[in-house]
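For reference, the structure discussed in these notes is given below.
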């Protein structure tokens, strides 16, 4: 684990995104919240937030950090569900892994809840899209 004890705590924000490609039938069921297991979006949102809070237990050598906020949101692009997570902290190290874990677990939750309708669900382009704070300042992914 990297020693961050000499670093100053600063406000830090990270945003990550994943794309979940669904069949038309699975996308329709998710939109209508008509799945055997319930409302996939609400469940995935809670799963992503809970996962972000467990990042240090899931990813070796990450620092446990106090999260000020974790937000998981969804948008549709036809039959592709865009999952986005934003995590905030005031800490000595960044919050990128928490945002990435949140979006990954939210996407996996969508997969789990739709697999009975569509075994071909694909999670695509899991990526950090923006971060700010700390020594390196602001960074945005180039598309």
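Every number in this text was worked out from the coordinates using simple rules, so none of it is lab data. Just so it is clear, the structure is predicted and the values come from calculations on it, not from any experiment. Here the Cβ positions follow ideal geometry from the backbone for every residue, glycine too, while neighbour counts run over all protein chains shown.
For the chain, the alpha-carbon coordinates run over 53, 31, 21 Å along the three principal axes, in decreasing order. So for the stretch 1-55, what percent of the C-alpha to C-alpha distances run longer than 19 Å? Counting every Cα pair in the stretch 1-55, those more than 19 Å apart make up 53 percent. Percent of C-alpha pairs per 5 Å bin in the stretch 62-114, short distances first: 4, 19, 26, 20, 14, 9, 5, 2. Between 93, 55, 43, the GNM of the chain built on Cα springs shorter than 10 angstrom shows 43 fluctuating the most.
Between helix 96-114 and the chain there is an angle of about 10 degrees, using the helix long axis and the longest principal axis of the Cα atoms. The angle separating the long axis of helix 40-53 from the principal Cα axis of greatest extent in the chain is about 20 degrees. For the chain, the 222 nm mean residue ellipticity estimated from helices alone, with every DSSP H stretch of n ≥ 4 adding -39500 (n - 2.57) and the total spread over all residues, rounds to -10000 deg cm²/dmol.
Most tightly packed first, judged by the mean number of other beta-carbon atoms within 10 Å of their residues, the peptides 122-131, 10-19 read 10-19, 122-131.
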